[in-house]
Amino acid sequence: MSKRKVVVVGGGLAGLACTMKLCELGIPVDLISLVPVKRSHSVCAQGGINSCNDQTRQLGDSEWLHLDDTVYGGDFLQHQPPVKEMAYWAPKVIELMDRLGVPFNRTEEGYIDRRRFGGTLYKRTAFAGATTGQQLLYALDEQVRRWESAGLVNKYEYWDFLGPVLDGNGACRGAVAQNLATMEIRSFAGDAVVIATGGPGLIYGRSTMSMMCTGSAASRCFQAGAKYGNPEFIQVHPTAIPGADKLRLMSESARGEGGRVWVPRTPQDTRPPKSIPDAERYYFLEERYPKYGNLVPRDIATREIFDICVNEGLSVEKDRLCVYLDLTHISKAELDRKLGGILDIYEKFQGVDPRTNPMKIFPAVHYSMGGLWADYEANGDGGLQAGSPRYQQTSVENLYAIGECDYHYHGANRLGANSLLSCIFSGLFLGPCLQNKLNSQKGTAAEQTALLADAAREHQERHNSLLQRTGGSENPYLIHRELGDVMTKAATVVRRNDQLKAAYEKVSELHDRARSCGLSDTGQWTNQNVMFTKALLDMFPLAKAIVKGALQRDECRGAHYKPDFSMPSLSATDPAGQRAEAEQWCDRFEENNRKWLKSTVCSYDGNHPQITYEDVDTSSVPPRPRLYGLVGADMIEKVWKERLAKSSAQPARV
Amino acid sequence: MIKDAYGHSVKSFQVRVQRQDAPGAAPYWQTFNVEYEPDMNVISVLQKIATMSRTSTGKETTPVAWDCGCLEEVCGSCTMVINGRVRQSCSALVDRLLEDNPREITLQPMSKFPVVRDLVVDRSRMFRNLQRVKAWVPVDGYADMGAGPRQSRGEQETAYPLSECMTCGCCLEACPQFLKVELERKPNESDAEYKQRCGEAYDTEFLGPQAISQAVLFNAHPTGKMMAGDRLDALAGPGGIQVCGNAQNCVAVCPKHIPLTTSIGRAGRAVTIHKIKQIFGGS
């Protein structure tokens, strides 16, 4: 067993994959998690996990095309080496999960069955009923339990990560965490610390994320000096079930299995949906995007549903925005076999059977493409250098980030069924990298006893002073609601600079008010009130980064949509006129890329995020316009291809 | 809108919560008055109570502590006893609860697990029991070794429902044979020592339907069955399957409709055969 130890924070897919791989390499792990790891938010992922496979290969698919779809879907904002490595690992990741016992759905012959997801033309997605995330998580949880029995893993469940322990050189030597039951605060020595704590959905109040997805762990690293990348890229899932406490996801697999999105052509038609004839239904995704139909990428589906309800006034209901997602044309037996789990959720929470009635759905905040900035080392082949200690290291030495809380893989918009893949892949790939990192170190973190004790004491003092604040005038739960409302209005589907400016001021004001929150519980035992207040305070640095990043980025890219800067369709109808317009369009596209094909990189100055920009590695797939549904797309594509051919013939031109 | 017995629309309702400040402390009841809104569930009720932190008589109090996670009934966190019935609080819709009793909803912690505070209980015993039955597939390692064993649709369709178990504990709360084990923490006992002592105490007590069903799941897996004997030994040991009294409450309360009694039946037969083989000198 190694003398050195890794602290993994977060026990979702990424954290567990990393833990299990480290144990295999003989490296002991302290695993810290807010919840028992088996209850992590990964359980909510429904639809599936992508890889090129033998069925798609015969239709011309390849790992390269998986890479291509991912970066095209992400509007080219992601560094390509990690994406390329992930796409080439994908078939192996699914085979490993299969060996670990994940009950993937099967074909009649007993092979893993596949379905199609958004943003691709191939059936790449392996799935286990409608609870793929749950099934993948359980398989990893079981392996980690095996290592726990063998003594390599110590789990600290119901512990909240309070911050990294940094030494005089700014390198991370461990973590401070707090027990949610006993309220004990202590340090954990870690020769490397891996943050795998998921997304920050609660910043938006209600979202599709679980209640522990506050983003506080990532924010605490951000405030301690780690950089944060692409905060403004927040994916809004097109189909969620609106609820009072949460917006429950309706998986993209509902569309993958043939679900059709429509609204009645007559606004707020009062007839029951099943009695509205086909001719009087507006299948707006199918009409506007004949090639992809209902399976356009998520950002586009979201905007179209938003547009149909808000701008066209065609919402199904008068008082509440929603559209129909219809599965009733598919047989009950098939629906039960492939989508049973998610249809049960709809029925359970809405009291209506989606097998016989179209569901009512609306977009909801779902995923953060951005996250802690993390490094990587490319190899000569456009992929990653295996075993590189730089892989997924944040701007703080020895501090790593993987899974939803890092900024890689998904660029400006994530494709469905790529997140489970990115989490497991990065966890597995990181194991040997950490082994090399640990082997290169002198001394161990455990020797830093004074440093570790000081860090714990500092957090204890902060905690004590928070508990003493009984007279505060503000209620943390009400401030949280206000924050959610501001963020949802200004920083989701459609973004406008005047609104973002106002939102930044409002978020700053709420931040100040949150600092004078009073506690209704000042006890020293299982005090959820004080833990929530801490998490709330840590939402503001990330909320500010999201809003400021969005405000400064004057363009449209993936999930970040600013109509004032959108690229128009072509209006000319004659070929020559179209050609000229397409040339202008491409000029503007190139100009915009020169300015904005850059990652946003934030650092925190104690009160505000400071933003710089970083070039994006597009070494494998050159950027091209994303033209889903644009009038004149064919001509623009033609002009763009000609330019691309010209530029690759002249390699000197950059 | 929900109506009371006199046909009046319900504007607000009472929530009675059984509270407890710490392990071993005496439980007590508090009542909260909650304004009615459409589409509420017990989670949104508890969120409102936390925001108010005031009982129905206007007395200031601490927010009620409770456990929750996904709010979609897949994480298993938010189990509690609602109007006397164990279930997930996220899928307990207020309209349905008020149909039974328009005046009041009662919330209690599960009774088979030690209370940490209020509605939060310590279910670590359930995870410990998964270690007892070695609920995992014993793969050689995590290197790329090709696909897993081919399995028929039928095998997948048998395994999948068992694999949906979210360790929520409803089946154990309802089981007459599964009894509470609660150890008091000794002064100056470290976390690790206390955890160790609890684990040893759990290891001879009844496994319950959750862990038995997981043993069945892994014994049916083509690779998992390579250590079927170990799991059957655990099922045959102290606190094993022989404790089951066949009350069949487990299957009735399982929110995921897992065929727990079928699993128990399969496990019982397998243990019997395993024992006979051992008597006659087999594996």
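Nothing in this text is a laboratory measurement; each read-out follows from the coordinates by a stated rule. Predicted model, so just to flag it, every value in this text is computed and none were measured. Here Cβ is always computed from backbone atoms with ideal geometry, including for glycine, and neighbour counts include all displayed protein chains.
Descriptive notes on the structure:
- Of the two radii for segment A:572-649, the radius of gyration is 1.14 times the Kirkwood radius, both from the alpha carbons; that is the Rg over Rh value.
- Cβ charges +1 (Lys, Arg) and -1 (Asp, Glu), total dipole of chain B, debye: 620 debye
- Principal axis extents of the Cα atoms in segment A:471-552, from largest to smallest and rounded to whole angstrom, are 44, 21, 16.
- Translational diffusion of segment B:1-117, estimated by Stokes-Einstein from the Kirkwood radius over alpha carbon pairs at 4 °C in a medium of 1.567 mPa s, is 88 µm² per second.
- With R₀ set to 35 Å, the beta-carbon distance separating A:Asp587 from A:Asn607 gives a calculated FRET efficiency near 0.30.
- Over segment A:572-649, relative contact order from alpha-carbon pairs under 8 Å, at least 6 apart, %: 33 percent
- A dipole drawn for the protein assembly as shown from +1 and -1 charges on Cβ atoms has a positive end, and of B:Gly199, A:Leu327, A:Val9 the residue lying farthest that way is B:Gly199.
- Amide H within-cut-off set for A:Leu249, under 5 Å, with H built and near neighbours excluded: A:Ile241
- Legend: mean number of C-beta atoms from other chains within 10 angstrom of residue C-beta atoms, peptide B:159-171, equals 4.
- Residue range of chain A that is longest and free of GluC sites (Glu not before Pro) which are both DSSP loop and sparsely packed (at most 10 other C-beta within 10 Å): A:110-654
- Dividing the Cα radius of gyration of the protein assembly as shown by 2.2 N^0.38 Å, with N the residue count, gives 0.92.
- Label point distance in nm, B:Lys225-A:Glu482, each placed 7 Å from Cα along Cα→Cβ: 6.3 nm
- Note: relative contact order over segment A:153-216, using C-alpha pairs below 8 Å and six or more positions apart, is 21 percent.
- Set of lysines with alpha-carbon distance to B:Lys186 below 18 Å, sequence-local pairs under 8 removed: B:Lys195
- Centre separation in Å (Cα based) which lies between segment A:224-257 and segment B:73-114: 28 Å
- Placing +1 on each Lys and Arg Cβ and -1 on each Asp and Glu Cβ, with no other charges, gives the protein assembly as shown a dipole about its Cα centre of roughly 1020 debye.
- Computed from phi, the 3J(HN,Hα) profile of segment A:453-467 under the Karplus parametrisation 6.51, -1.76, 1.60 (θ = phi - 60°) reads 5, 4, 4, 5, 4, 4, 5, 5, 5, 4, 5, 4, 5, 5, 5 Hz, with x in place of Gly and Pro.
- Karplus (6.51, -1.76, 1.60) ³J(HN,Hα), θ = phi - 60°, over segment A:117-128, in Hz, Gly and Pro reported as x: 10, x, x, 8, 9, 10, 7, 9, 8, 7, 8, 10
- Along each principal axis, taking the top coordinate minus the bottom one, the Cα set of segment B:123-279 gives 53, 41, 38 Å in descending order.
- In summary, the aspartates and glutamates within cross-link reach of B:Lys11, defined as a Cα separation below 20 angstrom excluding same-chain residues under 8 places away, comprise A:Asp245, B:Glu35, B:Glu37, B:Asp39, B:Asp95, B:Glu99, B:Asp100, B:Glu104.
- Between A:Lys318 and A:Leu121, the contour length at 0.36 nm per residue exceeds the Cα-Cα span by 67.4 nm.
- Length-normalised contact order for chain B - Cα pairs under 8 Å, 6+ apart - percent: 17 percent
- Of all DSSP bridge pairs formed entirely within chain A, close to 70 percent run antiparallel.
- Charge dipole of segment B:50-180 (Cα centre as origin; +1 on each Lys and Arg Cβ, -1 on each Asp and Glu Cβ, all else neutral): 520 debye, rounded to the nearest 20.
- Neighbours of A:Val165 by Cβ distance under 9 Å: Lys/Arg scored +1, Asp/Glu scored -1, total -1.
- Taking a sphere under 13 Å around the Cβ of B:Tyr160 and counting the other residues whose Cβ falls inside, with K and R at +1 and D and E at -1, yields a net charge of 0.
- Whole-Å distance, taken between Cα centres, linking segment B:180-202 and segment A:1-66: 32 Å
- With the alpha-carbon atoms of chain B aligned to their principal axes, the span from lowest to highest coordinate is 70, 51, 42 Å, starting with the largest.
- Cα centroid separation, segment A:478-494 to segment B:160-175 (Å): 37 Å
- Candidate lysines - alpha carbon under 28 Å from A:Lys338, same-chain residues fewer than 8 apart omitted: A:Lys38, A:Lys92, A:Lys123, A:Lys246, A:Lys274, A:Lys291, A:Lys348, A:Lys360, B:Lys225, B:Lys256
- A cut-off of 5 Å between modelled amide H atoms, ignoring neighbours fewer than 5 places along the same chain, links B:Thr79 with B:Ser89.
- Degrees separating the helix A:298-310 axis from the principal Cα axis of chain A, which is the longest one: 70 degrees
- Here the Karplus relation 6.51 cos²θ - 1.76 cosθ + 1.60, evaluated at θ = phi - 60°, turns the backbone of segment A:567-577 into coupling constants of 8, x, 6, 7, 9, 5, 10, 7, x, 5, x Hz, with x for every Gly and Pro.
- Cβ-based net charge around B:Gln131, under 13 Å, with every Lys or Arg adding one and every Asp or Glu removing one: +4
- Between amide H atoms placed 1.01 Å from N, distances below 5 Å from A:Ala374 occur with A:Tyr407, all of them 5 or more places distant or on a separate chain.
- Extension gain, A:Gln268 to A:Ala446, is 57.5 nm, computed as 0.36 nm per intervening residue step minus the present C-alpha separation.
- In this rough spin-label picture, where each label sits 7 Å from Cα along the Cβ direction, the A:Arg469-B:Ala201 distance is 3.8 nm.
- Positive-end extreme of charge dipole, the protein assembly as shown - chosen from B:Leu232, B:Ala159, A:Thr600 (charges on Cβ): B:Leu232
- Note on A:Lys348 and A:Tyr111: the model spin-label points, each 7 Å out from Cα along the C-beta direction, lie 3.4 nm apart.
- With Cα atoms, 0 to 90° folded angle of helix A:497-514 axis to chain A main axis: 30 degrees
- Applying a DSSP loop filter and a limit of 10 other Cβ atoms within 10 Å to the trypsin sites (Lys or Arg not before Pro) in segment A:416-472 leaves A:Lys442.
- With the gyration tensor restricted to C-alpha atoms of segment A:238-363, the semi-axes of the equivalent ellipsoid amount to 20, 16, 16 Å, longest first.
- Listed residue (B:Val45, A:Ala580, B:Val271) projecting farthest to the positive dipole end of the protein assembly as shown, Cβ model: B:Val271
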